[in-house]
Amino acid sequence: MPPSSLPARPNLEHLRNQAKDLLKAYRSGQPSAIARFRISLPHYSRLTDDDLKRLSLSLGEAQRVVAAEYGFQSWLQMRSYVERKDGFSMIEMTVDHVRINYMSDLRVVVLKAKQDERHLPIWIGRAEGDAIAIKLEGQETPRPTTFPIVDRMIRDLGGEVEQVVVNDIVDDTFYAILKVKNGESAIDYDTRPSDAIALAVHSGAPVFAAPEVLEKAGIKFDPETGSVLPSNGAYGASAEEKGESHISEAFLRIERAMSGSWHIIGATGA
């Protein structure tokens, strides 16, 4: 299928529904839907219909097909284009704290909306979590580490980290865009949120989140106990009503299981 043109006023929800419809058609075995995956995703180009049916393709892959059909290299690239065109309003966040469980080596970075009490927990790797925690504590390392070096390299080349946007959740995975500005031009990089947030902390760049990301995965902490409150109507429909996994509920279950075993570094733990 040759690339199509987006409408003059593209709608992100409409594009999401296109991807969902494609996935539904694929799962029902429609040959035309299977062919779209084969044509748009090169790594599937040599597979037969039966091979593709056995793969149990995901919504993320369906989104990549839709993006490719509109001439974009990825869903994130198309989404970024649509958001800029639509003047999409992101929510500014602060990097509130990092939760560390030394027994399991788990790390969670928790962002907080500047204008309200919504928090966004994101599971990250040990190296990225420790890099963020070190900066939040105001510590200095004997030798430069990865993220300060990357920030210095960007600045030495005449650029700066303009902002980080946690802009999507697909198949329970967070996605982020790192925006680097150089003079009048800017480049968007598809990155892991952990890397992007760590670089933002070390560079001083602002961090934003898409409204629907907070809708899906936002939580609130009890102001008196510091424990996580169950999700409620303020954050939209339940997981069952949405028909998708609700990440805040998963975080709540693990938080309860590890109650008292977190080491908290940052604003909440100060």
Item to check | Residue within the range 34-45 that is loosely packed, with under 13 Cβ neighbours inside 10 Å, charged (D, E, K, R) and without any contact (Cβ under 8 Å) to a residue 40 or more places away in the chain present | outcome: no
Next on the checklist: Looking at G60, G29 in this structure, which one is part of a helix (DSSP H, G or I) and of a type in the set (G, A, S)?
Outcome noted: G60
Next on the checklist: Please verify whether Q163 is assigned to a strand (DSSP E or B), at pLDDT 75 or above and not hydrophobic (A, V, I, L, M, F, W, C), treating the condition exactly as stated.
Outcome noted: yes
Checklist entry - In the range 82-102, is there at least one residue being touching a Ser or Thr at 6+ places or on another chain (Cβ under 6 Å), of a type outside the set (A, V, I, L, M, F, W, C) and surrounded by fewer than 18 Cβ atoms within 10 Å (Cβ to Cβ)? => result yes
Checklist entry - Is it the case that the range 8-22 has a residue that's among the small types (G, A, S) and either touching a strand residue (DSSP E or B) at 6+ places or on another chain (Cβ under 9 Å) or in a loop (DSSP other than H, G, I, E, B) (or both)? => result yes
Checklist entry - When the residues of the range 183-194 are filtered to those that are open to solvent by 40 Å² or more (accessible area, probe 1.4 Å) and in contact with a strand residue (DSSP E or B) (Cβ under 8 Å, 6 or more places away or on another chain), which remaining residue is farthest from T146 (Cα to Cα)? => result A186
Next on the checklist: Looking at (1) in a helix (DSSP H, G or I); (2) among the basic types (K, R); (3) under 18 Å from M78 (Cα atoms), which one does R155 not meet, given that it meets all the others?
Outcome noted: (3)
Checklist entry - Checking H97 against (1) farther than 24 Å from H263 by Cβ; (2) touching a Leu at 6+ places or on another chain (Cβ under 9 Å); (3) part of a strand (DSSP E or B), which single condition isn't satisfied? => result (1)
Checklist entry - Within the range 63-80, how many residues are in contact (Cβ under 8 Å) with a residue 24 or more places away in the chain and either assigned to a strand (DSSP E or B) or open to solvent by 40 Å² or more (accessible area, probe 1.4 Å) (or both)? => result 4
Next on the checklist: Taking the conditions exactly as written (touching a residue at least 60 places away in the same chain (Cβ under 8 Å), in contact with a Gly (Cβ under 6 Å, 6 or more places away or on another chain) and open to solvent by less than 60 Å² (accessible area, probe 1.4 Å)), does V165 satisfy them or not?
Outcome noted: no
Checklist entry - Restricting attention to the range 103-126, and to residues there that are in a strand (DSSP E or B) and of a type in the set (K, R), which single residue is surrounded by the fewest Cβ atoms within 10 Å (Cβ to Cβ)? => result K112
Checklist entry - Any chance the range 2-11 includes a residue that's basic (K, R) and either surrounded by 13 or more Cβ atoms within 10 Å (Cβ to Cβ) or without any contact (Cβ under 8 Å) to a residue 12 or more places away in the chain (or both)? => result no
Checklist entry - With the range 174-270 as the region, which strands (runs of 3 or more DSSP E) entirely inside it contain at least 3 residues that are modelled with pLDDT under 85? => result 185-191
Checklist outcome for this item: Reported set for the range 46-57 where residues are open to solvent by 30 Å² or more (accessible area, probe 1.4 Å) and either assigned to a loop (DSSP other than H, G, I, E, B) or touching a residue at least 60 places away in the same chain (Cβ under 8 Å) (or both) is R46, L47, T48, R54, L55, S56
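The values are calculated or read from the model by the stated rules, or taken from the named source; none is laboratory data. These numbers were taken from a predicted model, which means no experiment stands behind them. All Cβ positions, even for glycine, are placed from backbone atoms using ideal geometry, and neighbour counts span all protein chains on display. Side chains are part of the model used for accessible areas, which takes the heavy atoms of the whole protein and leaves out ligands, DNA and RNA. Shrake-Rupley method; radii C 1.70, N 1.55, O 1.52, S 1.80 Å.
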